[in-house]
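Reading through the structure tokens given below for one structure.
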Number of protein chains: 2
Amino acid sequence: MPIEYVKETYQMQLRPLLMRAVLYFGDKEGIYSPDHQSEEFRCTWHEEYERICRLANALEKLGIEQGDKVATFAWNTHRHGELSYTVPMMGAVFHPTNIRYSREHLVYAINHSKDKIMFVDEDLVPLLEEISEELKTVELYVVLTPAEKLLKTKLSPLYSYEELLREASTTYDFPDDLPENSLAVLCYTGGTTGRPKGIGWSPRSIVLRCLGCSGADQEDFHEDDTVMPVVNLFHVNSHNFQWSTAMSGGKLVWPGPHPSPDDQLRLIEKEKVNYFQGASTVVMFAMQEWEKGKYNLSSLKKVFSGATAPNKALMEMMDKRGIKCHWTYGMVEGRVNFTTVTSHRKHMDGWSREKYLERMTYQGLPIPGVEVRVVNVDTGKDVAWDGKEIGEVITKGLWPAEEYYNDAEATSGVFRDGWLHTGDLAIVEEDGYLHILDRLKDIIKSGGEWISSVDLENAIMENSAIRQAAVFGVPHPKWDERPVATVTLKEEYKGKLSEEDILKPLRSRFPGWWIPDYVIFMDELPMTGTMKVMKRALRDMWAEGKLKISGS
Amino acid sequence: MPIEYVKETYQMQLRPLLMRAVLYFGDKEGIYSPDHQSEEFRCTWHEEYERICRLANALEKLGIEQGDKVATFAWNTHRHGELSYTVPMMGAVFHPTNIRYSREHLVYAINHSKDKIMFVDEDLVPLLEEISEELKTVELYVVLTPAEKLLKTKLSPLYSYEELLREASTTYDFPDDLPENSLAVLCYTGGTTGRPKGIGWSPRSIVLRCLGCSGADQEDFHEDDTVMPVVNLFHVNSHNFQWSTAMSGGKLVWPGPHPSPDDQLRLIEKEKVNYFQGASTVVMFAMQEWEKGKYNLSSLKKVFSGATAPNKALMEMMDKRGIKCHWTYGMVEGRVNFTTVTSHRKHMDGWSREKYLERMTYQGLPIPGVEVRVVNVDTGKDVAWDGKEIGEVITKGLWPAEEYYNDAEATSGVFRDGWLHTGDLAIVEEDGYLHILDRLKDIIKSGGEWISSVDLENAIMENSAIRQAAVFGVPHPKWDERPVATVTLKEEYKGKLSEEDILKPLRSRFPGWWIPDYVIFMDELPMTGTMKVMKRALRDMWAEGKLKISGS
């Protein structure tokens, strides 16, 4: 018989995700933000919804219609959160721009996206002023400030967020007929290589990801959670945590402007945060701060992280504090996650300590709804699941993207034959656990063999004196490339470690030709806007002779 | 700007849900079934997948193509489970027919669905033989038996399931381009009123429901779960538990043919089931059996149930054993669930015992992805959330159906203005908790006021001597209707209770005019195929003078 179809006209929408919090947890404190030092913000979900309605009315008054782009240039505050809810629920497009972009990339992304309005944090105004003359489509600016008097700036015309809200009505009729594939959110990639590339998010992709990741073995959301999302909204829409938290009926603690590890821990203690989310570097710095014993963080039970794999030292640190870790692997193009490793799962009960910790540094199993393969880069065939054969990770599924936004050239390189080619090299363990070795561009090829910088970094990080480590390849006349390690030390260890202190533990674990030729002690490593070490910058510094080889 | 669209061609599919178990939990025991007394079945997910491939090849050989209907007439066994996976993954339509239907409804459903092949359990062959001559489209029969010799039957042509599998290849290339809205599963409603009505399920609706219900506050699936689904596949596809379990990487224990409460408990003990699923009556009978102390069920930690609300007595029973309950409200037309009450949630910690138990008998909060309203039956406006104003529950969302299968007339009565009209009457508590009072057709209207049969039944059930209770309305010359209660007693209490023993506890809790005029002691209550009390049958028996009023 011919295939029959089932009538399914109901569209996946964002509004019901938020409304679950508003309708069924409306009297509960839903939002907290320290925001600027002088101001503290907290409200119920019901009150938050009134502000969201005010914002929608204000946006309408400013001329925003369905399909218009509304950009932001801001930290994770409650006001930024409100924009992230309101704009896509109106059918407009929320475009959080990356405040860590270079001037060139910033101008490119804003002009490419054709943003109509720009919302900007007070302390970030000077950065925008520098480029405002080059922005071709931005018609007006709104400062995200509670201040009565607007600051002096050449950004014009200029409005105040709170003033706009104050004048607006507390009710708004959000559409419930937006197509599920319509453009709702636009995020640009980190832009570490070449120009930024946009990834469009639809209500469909956000709903599917929030539902698909909600289970206990994935992100484990509960209605009693108090969640602090430190991953910036301008980085992968903060993993949609604002939507997942609302949908589950939890509480959101926005960390506010440029939160230091100290700020983060103070907030966890003060608001009894039980669910902390941040890039792995952020989590590591926070845990190192915690070790100093200044805070009582007994409320903290769950950590969600990603960007780079955790190392055993970090896992040990969290393990001994009884924190359940949800470590995810993904990328902007994945909208966001492909796989998760979750600690403390029952099937791990019988594992040796060594195997358990080792596995925690891997990337784990695909999330239900995502298909992941590792394929030989030459033949395109699946690699053997033997923990040895290396291939590229490719993926498709319910939420990975299928294209870059208005960028056919970039699209054709990455999205091919229905699969997203991640550019990550990995092996697969016998039981299917994914183990990322390197970015295709970061892996070190020495004497015709591959050396995993990630494996070396994780091993180096087991030394508790180390704050951060990065291993990268430098050109070599005989071996093509050789590994070089850069490390930063914790304050109390500075000047006290030798190159051999770093290398000795590696000698028993890796083949001789894996051992880095040099160890370079640095004060800071160059970081990307998404808190990954910028290895390209390290390679450039090496080429320019800017990296000193001797002593710490 | 005009609305822009995001490219999203990836279709929601069933195959990846199963493949997550096969690929990443392949060596783990995935399936157990006691099946027929003489045979015990257990295998890994990998082995199960080989059987699924064999079945697909066998079906193809029997002439099954995309869109063809494959019917079953069977209990929850591993073979039936295999059909439930294989048929929709091939793009054919899985139609589990209700073995408890009347002859008339059975013939109607099979002819209406246009089933091509019929798979039948050995012990159910006689039932099918009775109607086989009236089946217009069924071309052949397959007996779900391990037996070497086929039994003698007039069903013809006749094949053996295991023989078909034995001859088939262990590999099969399942399509991965099935449209997400294509018809995959067909279930007919209970048919307690009028002719059966079909509800079609697409891959989309199954995927969305499995993802949407997987969270801790909903169905709480873990990869370490051992799940026993007692709700029959021919009733709402067993809540898709076979898909949710596979997707999560758990283990399935099929209960086998006509499982008694004793059978169920034996299986829980033997296979260390931690997650038990069954209609509320089934759960109640199982718990009553457990009270006898014959089994050690320490593995049991979670119960998922629905069909009718639990009563406080049942909740107490599970509560004292530390079992987390997930009580759901839904219907076939909802594919399946709208709301959940989950016990032992943190926000209940401060509640009084009384409030906690009371809430456990309600229907709880909408599941993320489902919108629920309660509207005045006359005005169509939302009722006040005051725990008093009664209205009809209407719903729409990511998985509730929007039509009956090929039945425009029935569709127009139930699916209107984009909402599914459930025919259930409810109130809403101040915090949004849904509390179903009755089916629209079961509620008792006495002297112009409504009496909730469900509230009376729950109160009666608090007496531990009672096995089951049903209250229904009978015609009355002055008050239009008056309530009558029917009860069955536990074995040891038979003949020992009076009408006043039943009614006395009600007098202090309900207005005088709510108290049933009569209590009728019965040996059994008439049950529907989905284990609900058949109130229409009780009303008919009353009208025909078949219900005796005196003594127990």
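Here are the numbers for this structure:
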quantity: Condition check for A:Glu180: in contact with a Lys or Arg (Cβ under 7 Å, 6 or more places away or on another chain), exposed (fewer than 15 other Cβ atoms within 10 Å of the Cβ), at pLDDT 95 or above and at negative phi; calculated: no
quantity: Conditions (1) surrounded by 24 or more Cβ atoms within 10 Å (Cβ to Cβ); (2) in contact with a Lys or Arg (Cβ under 9 Å, 6 or more places away or on another chain); number of the one not met by B:Leu106; calculated: (2)
quantity: Matching option when the condition is at pLDDT below 95 and out of contact with any Pro (no Cβ under 9 Å at 6 or more places or on another chain), among B:Thr226, B:Thr192; calculated: B:Thr192
quantity: Scope the stretch B:1-51; condition under 30 Å from A:Leu186 (Cα atoms), surrounded by fewer than 22 Cβ atoms within 10 Å (Cβ to Cβ) and in contact with a helix residue (DSSP H, G or I) (Cβ under 8 Å, 6 or more places away or on another chain); matching residues; calculated: B:Glu8, B:Gln11
quantity: Of all residues in the stretch B:260-281 being within 15 Å of B:Arg467 (Cβ to Cβ) and of a type in the set (S, T, N, Q), the one that is surrounded by the fewest Cβ atoms within 10 Å (Cβ to Cβ); calculated: B:Ser260
quantity: Number of positions in the stretch B:444-462 that are under 23 Å from B:Trp290 (Cβ atoms) and without any contact (Cβ under 8 Å) to a residue 60 or more places away in the chain; calculated: 1
quantity: Residues (among the hydrophobic types (A, V, I, L, M, F, W, C) and without any contact (Cβ under 8 Å) to a residue 24 or more places away in the chain) located in the stretch B:495-509; calculated: B:Leu503
quantity: Elements of type helices (runs of 4 or more DSSP H) in the stretch B:1-92, at least 1 residues being at pLDDT 95 or above and on the phi > 0 side of the Ramachandran plot; calculated: none
quantity: Hits in the stretch B:476-502 (condition: in contact with a helix residue (DSSP H, G or I) (Cβ under 9 Å, 6 or more places away or on another chain) and aliphatic (A, V, I, L, M)); calculated: B:Val484, B:Ala485, B:Val487, B:Ile502
quantity: Selection count, the stretch A:195-223, where residues are over 29 Å from A:Ser260 (Cβ atoms), at pLDDT below 95 and either in contact with a Cys (Cβ under 7 Å, 6 or more places away or on another chain) or among the aliphatic types (A, V, I, L, M) (or both); calculated: 1
quantity: Filter result for A:Gly322 (out of contact with any helix residue (DSSP H, G or I) (no Cβ under 7 Å at 6 or more places or on another chain), outside any strand (DSSP E or B) and within 14 Å of chain B (Cβ to nearest Cβ)); calculated: no
quantity: Number of the condition not met by A:Asn237 [criteria: (1) over 13 Å from A:Tyr275 (Cβ atoms); (2) part of a loop (DSSP other than H, G, I, E, B); (3) within 14 Å of chain B (Cβ to nearest Cβ)]; calculated: (2)
quantity: Flag if A:Glu316 is over 17 Å from the mean Cα position of the chain (by Cα), at pLDDT below 90 and surrounded by fewer than 21 Cβ atoms within 10 Å (Cβ to Cβ); calculated: yes
quantity: Any hit, the stretch B:470-487, residues being more than 27 Å from the chain's Cα centre (by Cα), of a type in the set (A, V, I, L, M) and part of a loop (DSSP other than H, G, I, E, B); calculated: no
quantity: Hits in the stretch A:495-552 - residues which are under 27 Å from the mean Cα position of the chain (by Cα), under 15 Å from A:Val471 (Cβ atoms) and not in a loop (DSSP other than H, G, I, E, B); calculated: A:Val533, A:Lys535, A:Arg536, A:Ala537, A:Leu538, A:Arg539, A:Met541
quantity: Residue that is in contact with a strand residue (DSSP E or B) (Cβ under 6 Å, 6 or more places away or on another chain), in contact (Cβ under 8 Å) with a residue 12 or more places away in the chain and charged (D, E, K, R), where the choices are B:Arg51, B:Arg20, B:Arg42; calculated: B:Arg42
quantity: Checklist (1) assigned to a helix (DSSP H, G or I); (2) modelled with pLDDT under 95; (3) surrounded by fewer than 22 Cβ atoms within 10 Å (Cβ to Cβ) applied to B:Met284, failing item; calculated: (3)
quantity: Strands (runs of 3 or more DSSP E) lying entirely in the stretch A:337-443 (those with 3 or more residues that are more than 9 Å from chain B (Cβ to nearest Cβ) and in contact (Cβ under 8 Å) with a residue 60 or more places away in the chain); calculated: A:337-342, A:419-428, A:434-439
quantity: Wholly enclosed strands (runs of 3 or more DSSP E) of the stretch B:125-193 bearing at least 2 residues in contact with a strand residue (DSSP E or B) (Cβ under 9 Å, 6 or more places away or on another chain) and not hydrophobic (A, V, I, L, M, F, W, C); calculated: B:158-160
quantity: The stretch B:285-325: number of residues that are of a type outside the set (Gly, Ala, Ser), within 15 Å of B:Pro229 (Cα to Cα) and out of contact with any Lys or Arg (no Cβ under 7 Å at 6 or more places or on another chain); calculated: 4
quantity: Some residue of the stretch A:243-252 being over 22 Å from A:Leu83 (Cα atoms), touching a residue at least 40 places away in the same chain (Cβ under 8 Å) and away from every other protein chain (no Cβ under 14 Å); calculated: no
quantity: Test: residue in the stretch A:428-438 that is among the β-branched types (Val, Ile, Thr) and more than 28 Å from A:Met284 (Cβ to Cβ); calculated: no
quantity: Scope the stretch A:208-217; condition part of a loop (DSSP other than H, G, I, E, B) and within 8 Å of another protein chain (Cβ to nearest Cβ); matching residues; calculated: A:Ser214, A:Ala216, A:Asp217
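Yes/no per residue for (1) at the interface with chain A (Cβ under 8 Å from one of its Cβ atoms); (2) touching a Pro at 6+ places or on another chain (Cβ under 7 Å):
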residue	(1), (2)
B:Glu8	yes, no
B:Gln13	no, yes
B:Leu18	no, no
B:Arg51	no, no
B:Ala56	no, no
B:Gln66	yes, no
B:Gly81	no, no
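Condition check ((1) of a type in the set (Val, Ile, Thr); (2) in contact with a Phe, Trp or Tyr (Cβ under 8 Å, 6 or more places away or on another chain); (3) crowded, with 24+ Cβ neighbours inside 10 Å) across all residues:
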residue: A:Arg209; (1), (2), (3): no, yes, yes
residue: A:Ser214; (1), (2), (3): no, yes, yes
residue: A:Asp220; (1), (2), (3): no, no, no
residue: A:Glu223; (1), (2), (3): no, yes, no
residue: A:Met228; (1), (2), (3): no, yes, yes
residue: A:Val236; (1), (2), (3): yes, no, yes
residue: A:Asn240; (1), (2), (3): no, no, yes
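The values are calculated or read from the model by the stated rules, or taken from the named source; none is laboratory data. Predicted, not measured: the structure shown is a model, and the values here were computed from it. Every residue, glycine as well, gets a Cβ built from its backbone with ideal geometry; the counts of neighbours run over all protein chains shown.
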